[in-house]
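Reviewing the structure listed below.
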Amino acid sequence: MKINREFSSRHERSGSDPRGGFALPVAILALVIVGVLVTGGFFLANQETRIGQSTERGTMAFYLAETGIGEVAQDWDNARFQALELWESFSESQEVGNGEWEVEVTRIGDQLALMQGEGRITRGGNLAGATRRIGMVTRTLSLNLDVEAGLTTQGNVSLAGQANISGVDTDPGGWGGVCPGDGELEDTPGVKTTPGSEVSTAGQAEVVGDPAYGDPNVDYDEDIDDETFTQFGDLDWDDLVGMA
(Lines give C-alpha, C1' and ligand atoms only; values in the text may rest on other atoms or scores of the structure.)
Protein backbone atom coordinates (compact mmCIF):
# COMPACT_ATOMS: atom_id res chain seq x y z
CA MET A 1 0.00 0.00 0.00
CA LYS A 2 2.83 2.32 0.65
CA ILE A 3 4.25 1.83 -2.83
CA ASN A 4 0.89 2.54 -4.54
CA ARG A 5 0.38 5.68 -2.55
CA GLU A 6 3.82 6.99 -3.48
CA PHE A 7 3.25 6.34 -7.22
CA SER A 8 -0.13 8.07 -7.08
CA SER A 9 1.39 10.95 -5.25
CA ARG A 10 4.18 11.40 -7.82
CA HIS A 11 1.67 11.17 -10.70
CA GLU A 12 -0.47 13.92 -9.22
CA ARG A 13 2.54 16.16 -8.67
CA SER A 14 3.84 15.85 -12.27
CA GLY A 15 0.41 16.54 -13.87
CA SER A 16 1.20 14.35 -16.99
CA ASP A 17 -1.18 11.93 -18.79
CA PRO A 18 0.41 8.57 -19.58
CA ARG A 19 -1.92 8.24 -22.64
CA GLY A 20 -0.21 11.15 -24.55
CA GLY A 21 -1.89 13.67 -27.05
CA PHE A 22 -3.12 13.40 -30.79
CA ALA A 23 -3.81 17.04 -31.78
CA LEU A 24 -0.36 17.67 -33.30
CA PRO A 25 -0.31 14.56 -35.54
CA VAL A 26 -3.82 15.35 -36.79
CA ALA A 27 -2.81 18.91 -37.62
CA ILE A 28 0.27 17.73 -39.51
CA LEU A 29 -1.80 15.19 -41.43
CA ALA A 30 -4.33 17.87 -42.35
CA LEU A 31 -1.57 20.16 -43.63
CA VAL A 32 -0.16 17.32 -45.75
CA ILE A 33 -3.60 16.60 -47.25
CA VAL A 34 -4.21 20.28 -48.02
CA GLY A 35 -0.78 20.53 -49.63
CA VAL A 36 -1.48 17.51 -51.84
CA LEU A 37 -4.85 18.95 -52.89
CA VAL A 38 -3.36 22.34 -53.74
CA THR A 39 -0.48 20.75 -55.66
CA GLY A 40 -2.91 18.49 -57.54
CA GLY A 41 -5.12 21.46 -58.39
CA PHE A 42 -2.18 23.42 -59.82
CA PHE A 43 -1.08 20.35 -61.80
CA LEU A 44 -4.55 19.77 -63.27
CA ALA A 45 -4.95 23.43 -64.15
CA ASN A 46 -1.56 23.41 -65.88
CA GLN A 47 -2.48 20.26 -67.78
CA GLU A 48 -5.76 21.79 -68.94
CA THR A 49 -3.89 24.85 -70.17
CA ARG A 50 -1.38 22.74 -72.07
CA ILE A 51 -4.13 20.61 -73.61
CA GLY A 52 -5.98 23.73 -74.73
CA GLN A 53 -2.84 25.23 -76.29
CA SER A 54 -1.95 21.94 -77.95
CA THR A 55 -5.46 21.61 -79.44
CA GLU A 56 -5.35 25.20 -80.68
CA ARG A 57 -1.98 24.79 -82.38
CA GLY A 58 -2.93 21.40 -83.80
CA THR A 59 -5.99 23.01 -85.39
CA MET A 60 -3.86 25.84 -86.75
CA ALA A 61 -1.45 23.29 -88.27
CA PHE A 62 -4.41 21.48 -89.88
CA TYR A 63 -5.67 24.71 -91.45
CA LEU A 64 -2.15 25.48 -92.70
CA ALA A 65 -2.03 22.10 -94.45
CA GLU A 66 -5.44 22.81 -96.04
CA THR A 67 -4.27 26.26 -97.09
CA GLY A 68 -1.21 24.81 -98.79
CA ILE A 69 -3.25 22.32 -100.82
CA GLY A 70 -5.67 25.08 -101.78
CA GLU A 71 -2.85 27.37 -102.91
CA VAL A 72 -1.18 24.68 -105.04
CA ALA A 73 -4.53 23.67 -106.58
CA GLN A 74 -5.41 27.29 -107.35
CA ASP A 75 -2.07 27.95 -109.06
CA TRP A 76 -1.95 24.51 -110.69
CA ASP A 77 0.99 24.10 -113.06
CA ASN A 78 -0.28 21.49 -115.50
CA ALA A 79 2.90 21.55 -117.60
CA ARG A 80 4.96 20.74 -114.52
CA PHE A 81 2.56 17.94 -113.57
CA GLN A 82 2.49 16.43 -117.07
CA ALA A 83 6.31 16.41 -117.12
CA LEU A 84 6.35 14.01 -114.15
CA GLU A 85 6.79 10.30 -114.66
CA LEU A 86 4.40 7.96 -112.84
CA TRP A 87 4.99 8.16 -109.03
CA GLU A 88 7.37 11.08 -109.40
CA SER A 89 6.74 14.14 -107.23
CA PHE A 90 7.40 17.83 -106.83
CA SER A 91 6.86 19.96 -103.74
CA GLU A 92 6.14 23.57 -102.85
CA SER A 93 6.31 25.34 -99.48
CA GLN A 94 5.59 28.75 -97.98
CA GLU A 95 5.83 30.48 -94.61
CA VAL A 96 2.54 31.91 -93.36
CA GLY A 97 2.25 33.90 -90.12
CA ASN A 98 3.23 31.68 -87.19
CA GLY A 99 3.83 28.58 -89.29
CA GLU A 100 4.54 27.12 -92.69
CA TRP A 101 3.02 24.65 -95.13
CA GLU A 102 4.55 22.20 -97.56
CA VAL A 103 2.70 20.32 -100.29
CA GLU A 104 4.01 17.32 -102.19
CA VAL A 105 2.32 16.47 -105.49
CA THR A 106 2.74 12.89 -106.74
CA ARG A 107 1.54 11.71 -110.13
CA ILE A 108 -0.41 8.47 -109.65
CA GLY A 109 -2.12 8.33 -113.06
CA ASP A 110 -2.50 10.09 -116.39
CA GLN A 111 -4.79 12.69 -114.84
CA LEU A 112 -4.63 11.73 -111.14
CA ALA A 113 -2.48 13.43 -108.54
CA LEU A 114 -1.98 12.73 -104.83
CA MET A 115 -1.54 16.01 -102.96
CA GLN A 116 -0.10 15.65 -99.44
CA GLY A 117 -0.12 18.82 -97.38
CA GLU A 118 1.73 19.32 -94.11
CA GLY A 119 1.18 22.27 -91.79
CA ARG A 120 3.72 23.14 -89.10
CA ILE A 121 3.50 25.68 -86.28
CA THR A 122 6.84 27.39 -85.74
CA ARG A 123 5.72 29.87 -83.07
CA GLY A 124 7.98 29.76 -80.00
CA GLY A 125 7.08 28.24 -76.64
CA ASN A 126 6.87 24.83 -75.03
CA LEU A 127 4.29 23.64 -77.55
CA ALA A 128 5.99 24.88 -80.73
CA GLY A 129 6.28 22.32 -83.49
CA ALA A 130 2.66 21.15 -83.80
CA THR A 131 2.27 19.31 -87.11
CA ARG A 132 -0.72 18.06 -89.07
CA ARG A 133 -0.69 16.22 -92.39
CA ILE A 134 -3.59 15.68 -94.79
CA GLY A 135 -3.92 14.12 -98.23
CA MET A 136 -6.17 14.65 -101.21
CA VAL A 137 -6.52 12.77 -104.49
CA THR A 138 -7.29 15.16 -107.33
CA ARG A 139 -8.11 14.70 -110.99
CA THR A 140 -7.05 17.18 -113.61
CA LEU A 141 -9.66 18.19 -116.16
CA SER A 142 -8.74 18.10 -119.81
CA LEU A 143 -9.76 20.93 -122.12
CA ASN A 144 -10.00 19.40 -125.56
CA LEU A 145 -10.13 21.96 -128.35
CA ASP A 146 -9.66 19.49 -131.17
CA VAL A 147 -9.46 21.50 -134.40
CA GLU A 148 -10.82 19.24 -137.12
CA ALA A 149 -11.43 21.88 -139.80
CA GLY A 150 -10.86 25.51 -140.63
CA LEU A 151 -14.55 26.03 -139.74
CA THR A 152 -16.85 23.57 -137.98
CA THR A 153 -20.52 24.47 -138.13
CA GLN A 154 -24.06 23.26 -138.72
CA GLY A 155 -26.01 24.07 -141.86
CA ASN A 156 -25.13 26.09 -144.95
CA VAL A 157 -22.05 28.28 -145.41
CA SER A 158 -21.90 31.19 -147.85
CA LEU A 159 -18.73 33.22 -148.57
CA ALA A 160 -18.44 36.36 -150.69
CA GLY A 161 -15.97 39.12 -151.45
CA GLN A 162 -12.42 38.34 -150.34
CA ALA A 163 -13.38 36.09 -147.40
CA ASN A 164 -11.62 32.74 -147.21
CA ILE A 165 -11.51 29.68 -144.97
CA SER A 166 -8.34 27.63 -144.65
CA GLY A 167 -7.73 24.26 -143.03
CA VAL A 168 -4.02 24.34 -143.87
CA ASP A 169 -1.68 24.11 -140.84
CA THR A 170 0.16 27.46 -140.94
CA ASP A 171 1.84 29.61 -138.28
CA PRO A 172 0.21 33.06 -138.17
CA GLY A 173 2.35 35.81 -139.64
CA GLY A 174 4.45 37.73 -137.14
CA TRP A 175 4.62 34.92 -134.57
CA GLY A 176 8.23 34.13 -135.46
CA GLY A 177 9.81 31.88 -132.85
CA VAL A 178 7.36 32.82 -130.09
CA CYS A 179 5.09 29.85 -130.64
CA PRO A 180 6.49 27.74 -133.47
CA GLY A 181 4.54 24.76 -134.76
CA ASP A 182 5.86 21.31 -133.92
CA GLY A 183 5.35 20.03 -137.46
CA GLU A 184 3.07 17.20 -136.28
CA LEU A 185 -0.27 18.74 -137.24
CA GLU A 186 -1.91 17.72 -140.49
CA ASP A 187 -3.97 19.79 -142.85
CA THR A 188 -7.72 19.57 -142.25
CA PRO A 189 -10.70 20.23 -144.52
CA GLY A 190 -11.66 23.86 -144.92
CA VAL A 191 -15.23 23.36 -143.66
CA LYS A 192 -16.82 20.63 -141.58
CA THR A 193 -20.60 20.64 -141.47
CA THR A 194 -23.68 18.43 -141.34
CA PRO A 195 -24.70 16.28 -144.35
CA GLY A 196 -26.99 17.99 -146.83
CA SER A 197 -25.60 21.45 -146.08
CA GLU A 198 -24.42 23.69 -148.90
CA VAL A 199 -21.11 25.56 -149.03
CA SER A 200 -21.01 28.32 -151.67
CA THR A 201 -18.52 31.02 -152.63
CA ALA A 202 -18.77 34.22 -154.66
CA GLY A 203 -16.24 36.76 -155.88
CA GLN A 204 -12.69 36.03 -154.69
CA ALA A 205 -13.84 34.01 -151.67
CA GLU A 206 -12.40 30.50 -151.37
CA VAL A 207 -12.29 27.43 -149.13
CA VAL A 208 -8.96 25.57 -148.97
CA GLY A 209 -7.53 22.71 -146.92
CA ASP A 210 -6.64 19.06 -147.23
CA PRO A 211 -6.82 18.24 -150.96
CA ALA A 212 -8.42 14.89 -150.12
CA TYR A 213 -11.74 16.70 -149.58
CA GLY A 214 -11.80 18.15 -153.09
CA ASP A 215 -13.50 21.39 -154.07
CA PRO A 216 -15.04 23.25 -152.21
CA ASN A 217 -13.06 21.32 -149.59
CA VAL A 218 -15.87 20.25 -147.24
CA ASP A 219 -16.13 17.32 -144.81
CA TYR A 220 -19.72 16.27 -144.10
CA ASP A 221 -20.00 14.75 -140.62
CA GLU A 222 -23.27 13.27 -139.36
CA ASP A 223 -21.97 13.25 -135.75
CA ILE A 224 -22.08 17.05 -135.48
CA ASP A 225 -24.75 18.20 -133.02
CA ASP A 226 -25.29 20.99 -130.48
CA GLU A 227 -22.90 19.35 -127.98
CA THR A 228 -20.06 19.65 -130.50
CA PHE A 229 -19.99 23.37 -129.77
CA THR A 230 -20.55 23.26 -126.00
CA GLN A 231 -18.51 20.27 -124.77
CA PHE A 232 -14.71 20.46 -124.74
CA GLY A 233 -13.28 17.26 -123.27
CA ASP A 234 -14.12 17.22 -119.54
CA LEU A 235 -15.36 20.82 -119.59
CA ASP A 236 -18.48 22.32 -121.04
CA TRP A 237 -19.35 25.90 -121.98
CA ASP A 238 -20.64 26.80 -118.49
CA ASP A 239 -17.36 25.54 -116.96
CA LEU A 240 -15.36 27.77 -119.27
CA VAL A 241 -17.55 30.77 -118.46
CA GLY A 242 -17.10 30.14 -114.75
CA MET A 243 -13.31 29.99 -115.15
CA ALA A 244 -13.07 33.17 -117.21
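The values are calculated or read from the model by the stated rules, or taken from the named source; none is laboratory data. Small disclaimer: the values here were computed from a predicted structure and weren't measured. Ideal geometry is used to build each Cβ from the backbone, glycine not excepted, and the neighbour counts take in all protein chains shown. Please note that ligands, DNA and RNA were not included when accessible areas were found on the heavy atoms of the full protein model with its side chains. Shrake-Rupley method; radii C 1.70, N 1.55, O 1.52, S 1.80 Å.
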Any residue at all in segment 111-130 that is closer than 14 Å to N78 by Cβ, out of contact with any Gly (no Cβ under 9 Å at 6 or more places or on another chain) and assigned to a loop (DSSP other than H, G, I, E, B)?
yes
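Filter segment 155-164 for residues that are surrounded by fewer than 12 Cβ atoms within 10 Å (Cβ to Cβ) and not polar (S, T, N, Q) and give the result.
Residues of segment 155-164 surrounded by fewer than 12 Cβ atoms within 10 Å (Cβ to Cβ): 155, 158, 160-162.
Passing the criteria: G155, A160, G161.
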Is it the case that segment 63-71 has a residue that's part of a helix (DSSP H, G or I), farther than 19 Å from S142 by Cβ and β-branched (V, I, T)?
yes
Step by step: first the residues of segment 132-154, then only those that are modelled with pLDDT under 90 and out of contact with any Leu (no Cβ under 9 Å at 6 or more places or on another chain), then the one that is least open to solvent (accessible area, probe 1.4 Å). Which residue is that?
E148
Need a quick list: strands (runs of 3 or more DSSP E) entirely within segment 135-244 having at least 1 residues that are touching an Asp or Glu at 6+ places or on another chain (Cβ under 9 Å) and small (G, A, S).
157-159, 164-166
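Scan segment 226-244 residue by residue and report those that are closer than 28 Å to A160 by Cβ and surrounded by fewer than 16 Cβ atoms within 10 Å (Cβ to Cβ). Break it down stepwise before answering.
Keep residues of segment 226-244 that are closer than 28 Å to A160 by Cβ, which gives 226, 228-229.
Result: D226, F229.
May I ask you to list the residues in segment 60-84 that are out of contact with any strand residue (DSSP E or B) (no Cβ under 8 Å at 6 or more places or on another chain) and free of Cβ contacts under 8 Å to residues at least 60 places away in the same chain?
First, the residues of segment 60-84 that are out of contact with any strand residue (DSSP E or B) (no Cβ under 8 Å at 6 or more places or on another chain): 70, 74-79, 82-83.
Matches in segment 60-84: G70, Q74, D75, D77, A79, Q82, A83.
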Can you say whether A113 is exposed (fewer than 15 other Cβ atoms within 10 Å of the Cβ) and either touching an Asp or Glu at 6+ places or on another chain (Cβ under 7 Å) or at pLDDT 90 or above (or both), as far as the supplied structure shows?
no
